[in-house]
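The values are calculated or read from the model by the stated rules, or taken from the named source; none is laboratory data. Everything numeric in this text was worked out from a predicted model, so none of it was measured. When we count neighbours, we look across all protein chains shown, and the Cβ atoms used for this are built from the backbone with ideal geometry, even at glycine.
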Amino acid sequence: MAMLEVRDLHTSFFTDAGEVRAVNGVSFNLDSGKVLGIVGESGSGKSVTAYSIMQILAPTGKIVGGSVKFKGQELVGADEKTMKSIRGNKISIIFQDPMTSLNPTYTIGHQLTEAILLHTDRNKEEAWDRAVEMLKLVNINEPEKRMNQYPHEFSGGMRQRIVIAMALACEPDILIADEPTTALDVTIQAQIIDLMTDLQKKLGMAIIMITHDLGVIAQICDEVIVMYAGSICEQGTADEIFYNPCHEYTKGLLRSIPTLSNDGEKLQPITGTPIDLLNMPAGCPFAPRCDAAMHVCTTMRPDNMVINECHYARCWCNVKAGVDEGSITLTDTEEEAAADAGKEDASNDR
């Protein structure tokens, strides 16, 4: 059994303008000791997926369908007492901005020991010693002195280390890292990634790394989920995603980052803007921005196609390639849609 099982998760925000379907049918497993990366543009549903797992949605947000199981225990619909025993203790989260994650009016020592006292049976002295131990673990110099300092007395990189120490203080089984390096410069980013990799190996915990940075994903993740418009468009091992991308959105993400092989060449950004989640299209949500889009892409949403045993993608281009090769047989409905696509293409040619 996987440590975390997410099945057909749907999360919406109910606003004056209507229902914003932020997460649409997300499913994945997370095994013990593994690192899962969730990547995508801002607004793709990455953070909302994490907040749904932790049950910390805004008042307007609600899980409207699906299941989240932690070690077989259903979290969707669980009462607040149950979730308090899970949050910070079994599943911890590192939020995007370390400065807003720390209370500026309390010392670092107070904030670290508060979490330890809440989730463990340690007394104040033991909690203090544990907090100092955690600061040493994340390479904060002079930890005893730092315990009496306030968040504004630390640099951005040190504040991020403190937030990581706070998240790990109760030795969680799963750590969710929501854009942990976004506000940091490149050098500090590398240090934080190295730190998290080292801690993951030492503590044996599972990590969900949420980011828009494919470089971070390549460094630390075993498996990768690519999200767009609240849905998973492609998932597989890191090697499969980087060396055999099978969704046009994933290919666009990879083309838009600098590499040694495209030195001196212009980057190819993904054109257009993300879709309006208030008005989801009938077909593939990426179709309006996709250079390879066909007529069927705008009318029918593709099923999850198995590329191999550890790689899946939802893209009509893969279906078309499979039909051309003879490895895929379309259903009657799909044949009708493909015929319509052929008529549309022929009409465009005329």
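Filtering the stretch 119-170 to residues that are charged (D, E, K, R) and within 17 Å of Leu203 (Cα to Cα) leaves Arg130, Glu133, Lys136, Arg161. Taking the criterion of being in contact with a strand residue (DSSP E or B) (Cβ under 9 Å, 6 or more places away or on another chain), assigned to a helix (DSSP H, G or I) and of a type in the set (Gly, Ala, Ser), the only residue of the stretch 158-182 that qualifies is Ala167.
The single residue among Ala218, Ala177, Ala167, Ala229 that is more than 30 Å from Cys284 (Cβ to Cβ) and of a type outside the set (Phe, Trp, Tyr) turns out to be Ala167. Hey, among the residues in the stretch 102-113 that are touching a Phe, Trp or Tyr at 6+ places or on another chain (Cβ under 8 Å) and in a helix (DSSP H, G or I), which one's surrounded by the most Cβ atoms within 10 Å (Cβ to Cβ)? Step by step, filter the stretch 102-113, then rank; the result is Ile108. Residues in the stretch 209-224 that are of a type in the set (A, V, I, L, M) and over 15 Å from Ile192 (Cα atoms): Leu214, Val224.
The residues of the stretch 88-101 that are modelled with pLDDT of 90 or more and surrounded by fewer than 20 Cβ atoms within 10 Å (Cβ to Cβ) amount to a single one, Lys90. In this structure, Ser52 does satisfy being surrounded by 17 or more Cβ atoms within 10 Å (Cβ to Cβ), closer than 30 Å to Ser256 by Cβ and not acidic (Asp, Glu).
Answer yes or no: is there a residue in the stretch 25-32 that is at negative phi and surrounded by 20 or more Cβ atoms within 10 Å (Cβ to Cβ). Yes, there is a match, as at least one residue in the stretch 25-32 is at negative phi and surrounded by 20 or more Cβ atoms within 10 Å (Cβ to Cβ).
With respect to the conditions (1) within 22 Å of Arg130 (Cα to Cα); (2) in contact (Cβ under 8 Å) with a residue 24 or more places away in the chain; (3) over 20 Å from the mean Cα position of the chain (by Cα), Ser101 lacks only one, and its number is (3). Residues of the stretch 117-154 that are of a type in the set (S, T, N, Q), in contact with a helix residue (DSSP H, G or I) (Cβ under 8 Å, 6 or more places away or on another chain) and either in a helix (DSSP H, G or I) or closer than 25 Å to Val186 by Cα (or both): Asn139 alone.
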